[in-house]
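Colleague: Input: one structure, supplied below.
The values are calculated or read from the model by the stated rules, or taken from the named source; none is laboratory data. All values reported here derive from a predicted model rather than from experimental measurement. Cβ coordinates were reconstructed from backbone atoms using ideal geometry, including for glycine residues, and neighbour counts include every protein chain displayed.
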Amino acid sequence: MRAKGKARGFTLIEMMIVIVIMAVLLSLALPMYTTSITRTKEARLHHNLVTLNNLIQQYSLDKKQAPQALDDLVSAGYLKSIPDDITGSNTTWQTDQEEPEKAMNPDQTGIASVHSGSDQTSLDGTAYSSWVK
């Protein structure tokens, strides 16, 4: 039997120790979590850049002229939809126009390549907008 008057449960000190230990573990894990999320977004951006630029080249070779807009890739069946930029939107892609002397059809230049429209920098310190396939 228990002594009379002795309450069951945790003391305030025990609870404080547990809370401090949990806070320390969270403060160690949170930066690693956010870094892994950023690395995943950067890998997706790289994949989308490679895909879009390869499809622009393929479209240009097939049609003998470059696409006028990214929507041309969708309407021609090269893509189901335009992938998202690292910003989370598919409307922020920046396009680079063909130079007339390098274009397949000099009378009608189009998109030569795309890059990100984000003004943020990556984990390695480079701007996302400077990334090319």
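Colleague: Does Y128 fit the bill of being among the hydroxyl-bearing types (S, T, Y), at pLDDT 90 or above and over 20 Å from the mean Cα position of the chain (by Cα)?
Modeller: Spelling it out, it is not the case that Y128 is among the hydroxyl-bearing types (S, T, Y), at pLDDT 90 or above and over 20 Å from the mean Cα position of the chain (by Cα).
Colleague: Only one of (1) surrounded by fewer than 17 Cβ atoms within 10 Å (Cβ to Cβ); (2) of a type outside the set (V, I, T); (3) assigned to a loop (DSSP other than H, G, I, E, B) fails for D96. Which number is that?
Modeller: (3)
Colleague: For the structure I just gave you, tell me whether A112 is in contact with an Asp or Glu (Cβ under 6 Å, 6 or more places away or on another chain), in a loop (DSSP other than H, G, I, E, B), under 27 Å from W131 (Cα atoms) and not β-branched (V, I, T).
Modeller: no
Colleague: Right, something else. Consider L12 carefully, then state whether it is in contact with a helix residue (DSSP H, G or I) (Cβ under 6 Å, 6 or more places away or on another chain) and either closer than 30 Å to K80 by Cα or not acidic (D, E) (or both).
Modeller: no
Colleague: Related question: So which pairs qualify, if the first residue must be in the range 17-42 and within 30 Å of P83 (Cα to Cα), the second must be not hydroxyl-bearing (S, T, Y), the Cβ gap must be under 6 Å, and the two must be at least 6 apart or on different chains?
Modeller: Cβ pairs passing all conditions: T38/L123; K41/I86.
Colleague: Still on this structure, please answer the following. Condition (residue is of a type in the set (V, I, T), crowded, with 18+ Cβ neighbours inside 10 Å, touching a Lys or Arg at 6+ places or on another chain (Cβ under 8 Å) and not in a helix (DSSP H, G or I)) applied to the range 75-85: is it met by at least one residue?
Modeller: Checked the range 75-85: no residue is of a type in the set (V, I, T), crowded, with 18+ Cβ neighbours inside 10 Å, touching a Lys or Arg at 6+ places or on another chain (Cβ under 8 Å) and not in a helix (DSSP H, G or I).
Colleague: Sticking with this structure for a sec: Can you tell me which residue is surrounded by the fewest Cβ atoms within 10 Å (Cβ to Cβ) among those in the range 3-52 that are of a type in the set (D, E, K, R) and assigned to a helix (DSSP H, G or I)?
Modeller: E14
Colleague: For the range 94-133, how many residues meet the condition of being closer than 21 Å to R39 by Cβ and touching a residue at least 40 places away in the same chain (Cβ under 8 Å)?
Modeller: 8
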